[in-house]
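Encoded as structure tokens, the structure appears first; notes follow it.
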Amino acid sequence: DPRTKLSAYHDMPYAIFRYDPTEEFELRREIGMLVTRLETRGKRVVRISLAECLDQAMRTVQPLEAWYAAEREMGTQTVVETVHNVLSDYAPLVELVAERLPDTQNPTTDVVLITRTGALFPVYRTFSLLEQLKGRIVAPAVLCYPGVLDGAAGLRFMGARGAAHNARPKIS
């Protein structure tokens, strides 16, 4: 069972793979090759795109064109706060991620890769998502995190936000 190598917490079997935000496209290519290698070895890989989750949440409220018009009329900060509220309350990001997980997860054969995290910038920080997923993800999971390491365990999302030092998952 590989989960003990990922986390000291039995109900949080995930790690954070930190990469430089400028390496997004290279990471996507590498993830594609990793998925192929894992599937060749008999693993079931579940890829969850946070960009797709964000798109679904926003479209639940109104068409994307209306979001663009709202930004022009009310300003970026107001729309950022509104999208954050959508992801927190109206179309919770944690639920959108959870519905993409398989009904049954086998920790020895399944792997969950959470990608396209940068799409959430600047509207949503992922640490609250990881806390809310506690107990819902059973298979080993990796959150691909575009950010900058700040000290031993601090991460600055996209290299722009203040560092979050409350990450309980292993950071690699």
Exercise for the section: Select from the stretch 28-50 the residues that are in contact with a Ser or Thr (Cβ under 8 Å, 6 or more places away or on another chain) and of a type in the set (A, V, I, L, M, F, W, C) and write down the one among them that is farthest from S88 (Cα to Cα). Expected result: I31
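For residues that are open to solvent by less than 50 Å² (accessible area, probe 1.4 Å) and over 11 Å from V46 (Cβ atoms), tally how many sit in the stretch 129-139.
The qualifying residues number 3.
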Practice task
Name, by its number, the condition in (1) in contact with a Phe, Trp or Tyr (Cβ under 9 Å, 6 or more places away or on another chain); (2) free of Cβ contacts under 8 Å to residues at least 24 places away in the same chain that does not hold for F25.
Solution key: (1)
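Out of V61, V97, V86, V112, I need the residue that is over 25 Å from D20 (Cα atoms), surrounded by 18 or more Cβ atoms within 10 Å (Cβ to Cβ) and β-branched (V, I, T). Which one?
V86
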Handout entry: Single match in V79, V83 (criterion: β-branched (V, I, T), in contact with a Phe, Trp or Tyr (Cβ under 7 Å, 6 or more places away or on another chain) and at negative phi)
Key = V79
Problem - Check on D55, in a helix (DSSP H, G or I) and acidic (D, E) - result: yes
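Go through the stretch 67-80 and give me each residue that's open to solvent by 100 Å² or more (accessible area, probe 1.4 Å) and under 15 Å from L54 (Cβ atoms). Show your work before the answer.
So the first thing to find is which residues in the stretch 67-80 are open to solvent by 100 Å² or more (accessible area, probe 1.4 Å), and the list is 68, 72-74, 77.
Of everything in the stretch 67-80, just one residue is open to solvent by 100 Å² or more (accessible area, probe 1.4 Å) and under 15 Å from L54 (Cβ atoms), namely Y68.
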Exercise for the section: For the stretch 90-103, name all the residues that are at pLDDT 95 or above and either over 19 Å from the mean Cα position of the chain (by Cα) or among the acidic types (D, E) (or both). Expected result: E95, E99
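Quickly run through the stretch 119-138 and pick out the residues that are in a helix (DSSP H, G or I) and either of a type in the set (G, A, S) or on the phi > 0 side of the Ramachandran plot (or both).
Within the stretch 119-138, A119, S128 qualify.
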Practice task
Being modelled with pLDDT under 95 and more than 15 Å from the chain's Cα centre (by Cα) narrows it down to one of T22, T36, T40, so name that one.
Solution key: T22
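The values are calculated or read from the model by the stated rules, or taken from the named source; none is laboratory data. Since the model is a prediction, treat every value here as computed from it, not as a measurement. Using ideal geometry, Cβ is built from the backbone for each residue, glycine included, and neighbour counts are taken over all protein chains shown. Each accessible area value is taken on the protein alone, full model and side chains, heavy atoms only, with ligands, DNA and RNA left out. Shrake-Rupley method; radii C 1.70, N 1.55, O 1.52, S 1.80 Å.
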